[in-house]
1. Name the one entry in LEU43, LEU86, LEU134 that is in contact (Cβ under 8 Å) with a residue 40 or more places away in the chain and in contact with an Asp or Glu (Cβ under 6 Å, 6 or more places away or on another chain).
2. Does any residue of the range 180-187 turn out to be assigned to a loop (DSSP other than H, G, I, E, B), in the same structural domain as ARG140 (by TED's automatic domain parsing) and among the hydroxyl-bearing types (Ser, Thr, Tyr)?
3. Name the residue, out of LEU30, LEU61, LEU17, that is part of a helix (DSSP H, G or I), free of Cβ contacts under 8 Å to residues at least 60 places away in the same chain and among the aliphatic types (A, V, I, L, M).
4. Quick one: count up the residues across the range 188-198 that are among the small types (Gly, Ala, Ser) and either modelled with pLDDT under 90 or outside the structural domain of LEU348 (by TED's automatic domain parsing) (or both).
5. For THR435, which of the numbered conditions (1) within 30 Å of ALA533 (Cβ to Cβ); (2) free of Cβ contacts under 8 Å to residues at least 12 places away in the same chain fails to hold?
6. Need the failing condition index for LEU436 against (1) crowded, with 23+ Cβ neighbours inside 10 Å; (2) under 22 Å from ALA586 (Cα atoms), just the number.
7. Mind checking which pairs have a first residue in the range 199-223 that is outside the structural domain of THR607 (by TED's automatic domain parsing) and of a type in the set (Gly, Ala, Ser) and a second that is surrounded by fewer than 19 Cβ atoms within 10 Å (Cβ to Cβ) and in a helix (DSSP H, G or I), Cβ under 7 Å, 6 or more apart or different chains?
8. Does the range 5-25 contain at least one residue that is more than 29 Å from ALA130 (Cβ to Cβ) and among the small types (Gly, Ala, Ser)?
Amino acid sequence: MDSFVTGATGFIGRHLLENLLARNGKIYVLVRSGSKGKLKALLDDLGGDAEKRIIPVTGDLAKARLGVSPKQISTLKGKIGNVFHLAAIYDIANEDAATQLTANVEGTRNAVTFAEAVNAKCFHHTSSIAAAGLFNGYWREDMFEEWEPNEHPYFRTKHDSEKVVREECTLPWRIYRPGIVVGHSKTGFIDKIDGPYFFFKMLQRLRNSVPRWLSLVGIEGGNMNIVPVDYVANAMDHIAHKTGLNGKTFHLTNPDAMRIGEVLNTFARAGHGPEFAMRIDAGLFNFIPKAVRDGVKNLPPVRTITDGVLADFGIPRATMKFINYPTKFDNRDAASALKGSGIACPPLESYAAVLWDYWERNLDPALFQDRTLSGAVKGKVVIVTGATSGIGLAVAEKLVASGAITVIAARTAETLAETKIHLKKKGKGEVHTYTLDAAEIEDCDKFVKRVIDDLGRADILVNNAGRSIRRSVSLSYDRFHDFERTMQLNYFGALRLIMGFLPHMVEQNGGQIINVLSIGVQANQPRFSAYVASKAALGAFSSCAQPEFQHNNIYFTNVYMPLVRTPMIAPTKMYDHVPTLAPEEAANLICRAIVEKPTSVSTRLGTFAQVLWALAPKAMNTIFNTTYRLFPDSDAARGAKKDGAQPQQKVSNEAVALAMLTRGIHW
């Protein structure tokens, strides 16, 4: 006889169709009038004779008898053997009770009345292990009334939809309760992020941040019964076509359920990331009364922090309710029905890598972000200080080419005018010029006012203008003004601009502050005490300010810039002999900051130096003392006269070799 399927274009449904196509008969599928295109795409994927054997029936899950016309019901009457009801909302993250009630409960009632109207031989209802609620212990297939109620609508509607079948259906019926359904065990295919997939982004971030060999501390929670979709579809098809099983419920579950910590480690291995070697059992906190736990979790500061962390990883808050999921599932009836069929749930370890690979290639949210500079700046007001040469000019060129409303600021009006002409040849973006001496506080205030008055907003501020001094402390005893003027421009000037533009960014609910710092803040090399101190101060301010403005969608990014060949390093002739970054390469680091909005952008060498200082500060002092003696002060730093009265210090071959190995460090 023929079959009828609701939810045929859904995740489980499309796989069930493949099984039904291997059998005889036509397959009628319920399709809303607006979803026929989706069915057509599915038929194209299935290929073969699918288009001839799969017949759409227009209807609506929310209507009586599925909204199928009386004429169509009359045509189907007596022809349908099995009605497979799969259409429902399977979404833990969705807490809309009304929507789930309509789809899961009323939809099931409408499917039952339709099956009765066409005199189907058997009604096959796809339920879920959620029908058990939060039952503590083993849940058998013959259990139903023993469920433990839960406030989440998904659990209640899955239980209540089963109740409709058990109490209202006059036809023979069978109920299937799949576990947490994940992708295909052979292809990894899945159509949305749900269940354990919510934690993949967190695992990916850990993989990209720390080495695989590092052992992490995590949480050990309750049980996760994970099953691949192909197992569920194969098992349903086999059991549905076996005789003598009416009136039974079948758990399509993994008999070897895993705890959450084990599941996370399995996927961490699949993604080649670090594992949680030490796991703290979340159940340890159960001695605290539930009312107290809920009260603490709902305190505004706790909730804000929790929501912020979860949102950063893309984990819905609703999923955290099930960290201590207490239920285990007995599946002896399903195992008995499948005996001899060769159908069994594979261990997660055997296909976890396939699931991870499919997610990372097809579903990772990062894949759907516009990661172009144009997508990040087009039509936005981007302000760049120190923009007439070096890094600032290279950044401005890229911004104009990407369609930004580019504001360039520098001290000299004539140079700004020349730069504007040059930039207008680079792209179609607007260019606005303003004179600015960032070392003068009053000038900073005037600049902020003029930009806002003229353009009305400020989306991105690139604090690039700066001054560098390379001079030993021993040569600076009588040059306190070096520290003052460096701090005045690099810290106080940049800070004044930040404080000027921030209120407007708050008002427009969005913005970004990018500070061009130095690799010296990470490496702490000698002779740069004045320069590094000023850049470190700006970085520290931004790191402290970021948490205050995160809820305003304002981002602070510190770019730890390595040595770049710009006019600023020209006085140090030693740098003529060592490798440096080109301004265009440095600009790429700032463009990355604009697109990705990280808290920091660093080179591998800078990060390595930072780690070494944290792990072995005494050893780093010893190493840098050697380099301090290896690299001399420049003639300018020593106050050498141009007439040669004080001979120029030569750079040794050893110093040049070391500089070549540590490209980017300001020796």
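The values are calculated or read from the model by the stated rules, or taken from the named source; none is laboratory data. From a predicted model like this one, the values you see are computed outputs, not experimental measurements. Cβ atoms come from the backbone with ideal geometry, glycine included; neighbour counts cover every protein chain shown.
1. Values: LEU43 fails: in contact (Cβ under 8 Å) with a residue 40 or more places away in the chain; LEU86 fails: in contact with an Asp or Glu (Cβ under 6 Å, 6 or more places away or on another chain).
The match here is LEU134.
2. Just the residues of the range 180-187 that are assigned to a loop (DSSP other than H, G, I, E, B), to begin with: 183-187.
Add one more test, that the residue is in the same structural domain as ARG140 (by TED's automatic domain parsing), and what stays is 183-187.
Now restrict to residues that are among the hydroxyl-bearing types (Ser, Thr, Tyr): 185, 187.
Checking the range 180-187: at least one residue is assigned to a loop (DSSP other than H, G, I, E, B), in the same structural domain as ARG140 (by TED's automatic domain parsing) and among the hydroxyl-bearing types (Ser, Thr, Tyr).
3. On the way: LEU30 fails: part of a helix (DSSP H, G or I); LEU61 fails: part of a helix (DSSP H, G or I).
Going through LEU30, LEU61, LEU17 in turn, just one is part of a helix (DSSP H, G or I), free of Cβ contacts under 8 Å to residues at least 60 places away in the same chain and among the aliphatic types (A, V, I, L, M): LEU17.
4. The first filter runs over the range 188-198 and keeps only residues among the small types (Gly, Ala, Ser), leaving 188, 195.
Filter again for either modelled with pLDDT under 90 or outside the structural domain of LEU348 (by TED's automatic domain parsing) (or both), leaving 195.
Count: 1.
5. Every condition holds for THR435 apart from (2).
6. So the condition that LEU436 fails would be (2).
7. The qualifying pairs are GLY221/ALA282.
8. Among the residues of the range 5-25, at least one is more than 29 Å from ALA130 (Cβ to Cβ) and among the small types (Gly, Ala, Ser), which makes the answer yes.
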